[in-house]
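Everything below concerns the one structure shown next.
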Amino acid sequence: MDETRKHWDEVYRSNAEAEVSWFQEHPERSLAMIEAMAHERSTSIIDVGGGASRIVDELLIAGYVDVTVLDVSEAALGRSKTRLGPRAANVKWIVADIANWSPDRTWGVWHDRAVFHFLTDATSQKAYIEALERATAPGAAVIIATFALDGPERCSGLPVQRYSPDTLAARLGPRFHLVGQQVETHLTPKGAQQRFQFSLLKRA
């Protein structure tokens, strides 16, 4: 975990918020998919790998009252807390490596934009899936975005595992049923295009 944390802390400390390749000022697709599955503002939501993402800002503006953000980088979470100011007190913040994390509760919506695709070995993927299973109850919604099959092979100096919705669902296993999918061409701050797939799954 220490090496992973050091890597991502350095990424965030070395780059301004709008300079990292995954920056989205308005994470519209993620927010739309979350809102479609969380009609009640009391629905519990966890943003895995949320870091400095502005999804948490949008969720609070939308009126959600049970929001958790998990990230391995304390520097990234610190950036979000500073941006939110007093509103940060309305969020549960967890500093943890998803591949070494044991959740102590469940959430109604699990959202992950671009964490799972960094797990390229079977051991860390299995650990993620086990955490996902413990953190969700039957009926929970799971939204996972990864680089698509025609997306980049690396990001932030690290290799990634690319997926289609079908291959992602197969990797997650029989407890997660694919019920929706979308594609997105993300334009990075430097103008590069990155193909993402967004999978919506239901926990059986």
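The table below gives the values:
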item: Hits in the range 188-204 (condition: under 16 Å from the mean Cα position of the chain (by Cα) and either of a type in the set (A, V, I, L, M) or not in a strand (DSSP E or B) (or both)); result: L200, L201
item: All positions within the range 55-66 that are within 14 Å of H26 (Cβ to Cβ) and either surrounded by fewer than 20 Cβ atoms within 10 Å (Cβ to Cβ) or in contact with a Lys or Arg (Cβ under 7 Å, 6 or more places away or on another chain) (or both); result: D57, E58, I61, A62
item: Given (1) touching a Phe, Trp or Tyr at 6+ places or on another chain (Cβ under 8 Å); (2) touching a residue at least 40 places away in the same chain (Cβ under 8 Å); (3) aromatic (F, W, Y), index of the condition W110 fails; result: (1)
item: Counted residues, the range 5-34 - those being loosely packed, with under 15 Cβ neighbours inside 10 Å and closer than 15 Å to I61 by Cα; result: 4
item: Selection within the range 167-187 - outside any strand (DSSP E or B) and surrounded by fewer than 16 Cβ atoms within 10 Å (Cβ to Cβ); result: T167, A170, G173, P174, R175
item: Qualifying residue in the range 186-194 (condition: at pLDDT below 95, under 27 Å from D9 (Cα atoms), of a type in the set (V, I, T) and out of contact with any Gly (no Cβ under 6 Å at 6 or more places or on another chain)); result: yes
item: Residue pairs meeting the criteria (Cβ under 7 Å; at least 6 apart or on separate chains; first closer than 30 Å to E10 by Cβ, in the range 153-178; second of a type in the set (G, A, S) and modelled with pLDDT of 95 or more); result: R162/A148; R162/G151; L168/S199
item: Complete set of residues in the range 129-166 that are more than 12 Å from the chain's Cα centre (by Cα), closer than 24 Å to K6 by Cα and of a type in the set (S, T, Y); result: S156
item: Looking only at the range 145-159, and only at residues there that are surrounded by 15 or more Cβ atoms within 10 Å (Cβ to Cβ) and at pLDDT 95 or above, the one that is nearest to I34 (Cα to Cα); result: A145
item: The listed residue being under 27 Å from T185 (Cα atoms), modelled with pLDDT under 95 and more than 14 Å from the chain's Cα centre (by Cα), out of E35, E19, E58; result: E19
item: Candidate set from the range 133-152 (those that are of a type in the set (A, V, I, L, M) and not in a strand (DSSP E or B)); member that is farthest from R203 (Cα to Cα); result: L149
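Condition check ((1) among the hydrophobic types (A, V, I, L, M, F, W, C); (2) touching a Lys or Arg at 6+ places or on another chain (Cβ under 8 Å); (3) in a loop (DSSP other than H, G, I, E, B)) across all residues:
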| residue | (1), (2), (3) |
| --- | --- |
| H7 | no, no, no |
| M33 | yes, no, no |
| R41 | no, no, yes |
| T68 | no, yes, no |
| A89 | yes, no, no |
| W110 | yes, no, no |
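The values are calculated or read from the model by the stated rules, or taken from the named source; none is laboratory data. Everything quoted here is computed from the prediction, not taken from an experiment. All Cβ positions, glycine included, derive from the backbone under ideal geometry; neighbour counts span all protein chains shown.
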